[in-house]
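Structure, as structure tokens:
What follows is calculated from the coordinates using simple rules that are stated; it is not laboratory data. The shown structure was predicted, so the numbers you read here are calculated from the model rather than taken from an experiment. Quick reminder, even Gly has a Cβ in these numbers, built from the backbone with ideal geometry, and neighbours come from all protein chains shown.
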Amino acid sequence: MTAAVHGHVTAPFDKVAKALAEEIDSGNEVGASIAVDIDGETVLDIWGGHADEAKSVEWGEDTIINVWSSTKTVTSLAALILADRGLLDLDAPVATYWPEFATNGKHDVRVRHLLSHTSGVAGWQEPVEMADLYDWDKATSLLAAQAPWWEPGTASGYQALNFGFLIGELVRRTAGMSLKDFVRDEIAGPLEADFQIGARPEDAGRIAELIPPPPFDIPFDQLPEDNPTRKTLTNPAPEAEVAHTAAWRESELGAVNGHGNARSLARMLSPISLGGTANNVRLLTQPTIERIFDVQSHGPDLVLMVPLKMGIGLAIGTPEVLPFMPPEEKVCFWGGWGGSMVLMNPERRTTVAYVMNKMGQGTLGNERTARYGALIYEALS
């Protein structure tokens, strides 16, 4: 164990801890945590660096951070649990549970289309501001009223900010509680995972400060006004600093405002790797886990403009997106703006999570993510 990194490391994963220390020493990282669970055992749970840009507060064992779109892994898990319980049919029209959603040609959009980002409803058609996302009824009503931007089911288009509203509304209508409450009561609580949608005021002192990434390198103003990338990523345009506000933390943004650390993400998503049960809590059955790997689309994502193989609720790993992963591996995953990632490998019964506060660009990992991933796979082999 190096001086800069703290936590628990089993011998095969020493190189991961060393790499985290090196990234912190070089300034590529400011603060981060990494966790690996194999067969229900935590074999790696490390953290290091600082929780703030000024480097005045150390990243501690209980430091949490806004994990951006890694939140989507938990929101998808909520929907999969409801499907497993027979409350939500993945193949049914969304309008079965949310009748208003059938408006404007969306009558045949299926639940699995929402979960696989193939619904054609990648963002809001009407102009919205960040404050509109704090109004659940307004945000969901606008989505229900609009037309899809392409034929649903034919291609993925990343539902960057609205995924939590689309899935969260289904949770509300089938479970009878908000997504935030469902995650707390049915996932985080039973698994004893330190994770929440939004963040309680009393936790403000242990939330790490996000360090914004470089600006997007996408020339949005040069794209056609009806281009899905432009419409999704500029309406509203995300700004990392908003995550530090009370309004953001008080809201229910199941796509982007989950707060936790690598340990809690690995603990919550490990049921997917472990046949449905973790910490003596059964959340899923094997048939539902298999549905995750039911390919819904495979090709260029119309928003992210990268090749994605989308399953139900999560992406399926491919060498184009996860270069550190052996091509024959059966993996599902998703990441968050800046570089965080959660990866589940049922064949190895392994779950991996990484979160950090110094954000890189993109949603599907960066050089740091790839370095840690390669070393973790080296240790697994």
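For the pair Glu53/Asp135, report the inter-label distance in nm, with labels modelled 7 Å from Cα in the Cβ direction.
3.1
As a test of the definition: which semi-axes, in Å, follow for segment 69-224 when you take the square root of five times each eigenvalue of its alpha carbon gyration tensor? Largest first, please. Intermediate values should be presented prior to the final figure.
Numbers: eigenvalues 128, 107, 39 Å².
So the three semi-axes of segment 69-224 are 25, 23, 14 Å.
Among the lysines, select those whose C-alpha is under 29 Å from the C-alpha of Lys358, and discard any that sit fewer than 8 residues away in the same chain.
Counting by Cα, and skipping residues close in sequence, Lys358 has these lysines nearby: Lys15, Lys18, Lys55, Lys72, Lys180, Lys231, Lys309.
Helix-only mean residue ellipticity at 222 nm, the chain, DSSP H runs n ≥ 4 weighted -39,500 (n - 2.57), per residue, nearest 500. What is it?
Working: 11 runs with 104 residues, N = 381.
When only DSSP H runs of four or more count, the value is -8000 deg cm²/dmol.
Compare the peptides 300-312, 27-39 by average per-residue count of other Cβ atoms within 10 angstrom and give them in order, highest first. Walk me through the numbers before you get to the answer.
Working: 300-312: 20.2, 27-39: 23.1.
Listed from highest to lowest mean packing, they are 27-39, 300-312.
In the Gaussian network model of the chain, springs joining C-alpha atoms below 10 Å, which of Val242, Val94, Val111 carries the largest mean-square fluctuation?
Of Val242, Val94, Val111, the most mobile in the Gaussian network model is Val242.
Sorting Thr118, Thr318 on the 10 Å Cβ count, fewest up front, what's the list?
The most exposed by this proxy come first: Thr318, Thr118.
What translational diffusion coefficient, to the nearest whole µm²/s, does segment 70-120 have by Stokes-Einstein, given a Kirkwood radius computed over alpha-carbon pairs, a temperature of 37 °C and 0.692 mPa s viscosity?
Stokes-Einstein gives a translational diffusion coefficient of 291 µm²/s.
Average projected area of the Cα convex hull of segment 304-378, in nm²? Before the final figure, lay out the partial values.
Details: hull surface 19.2 nm².
One quarter of the hull surface, i.e. the mean projection, equals 4.8 nm².
In whole angstrom, how far apart do the alpha carbon centroids of segment 77-102 and segment 293-341 sit?
Using only Cα atoms, the two centres lie 23 Å from each other.
If the viscosity is 1.002 mPa s and the temperature 20 °C, what Stokes-Einstein diffusion coefficient in µm²/s follows for segment 232-381 when Rh is the Kirkwood radius over Cα pairs? The partial results should precede the final answer.
Numbers: Rh = 16.4 Å.
Translational D for this selection: 130 µm²/s.
Rounded to whole Å and ordered largest first, report the semi-axes of the equivalent ellipsoid of segment 207-249 derived from its Cα gyration tensor (root of 5λ).
Working: eigenvalues 132, 31, 6 Å².
Result for segment 207-249: semi-axes of 26, 13, 6 Å.
Using packing as a proxy for protection, rank 264-271, 41-48, 324-331 so that the peptide with the highest average count of other Cβ atoms within 10 Å comes first. Don't jump to the answer; show the numbers that get you there.
Values: 264-271: 28.1, 41-48: 20.8, 324-331: 14.4.
Descending mean neighbour count gives 264-271, 41-48, 324-331.
Can you tally the net charge around Trp98? Count Lys and Arg as +1, Asp and Glu as -1, for every other residue whose Cβ sits under 14 Å from the Cβ of Trp98. Show your work: numbers first, answer last.
Values: positive: Lys106, Arg110, Arg172, Arg173; negative: Asp89, Glu100, Asp108, Asp137, Glu169.
With Lys, Arg at +1 and Asp, Glu at -1, the neighbours total -1.
Normalise the Cα radius of gyration of the chain by 2.2 N^0.38 Å (N = residues in it) and let me know the number.
Numbers: Rg = 19.2 Å, N = 381, 2.2 N^0.38 = 21.0 Å.
Computed over Cα atoms of the chain, the ratio equals 0.91.
Note the direction-averaged projected area, equal to a quarter of the hull surface, for the Cα convex hull of segment 186-271, in nm². Walk me through the numbers before you get to the answer.
On the way: hull surface 29.9 nm².
Mean projected area for segment 186-271: 7.5 nm², to one decimal.
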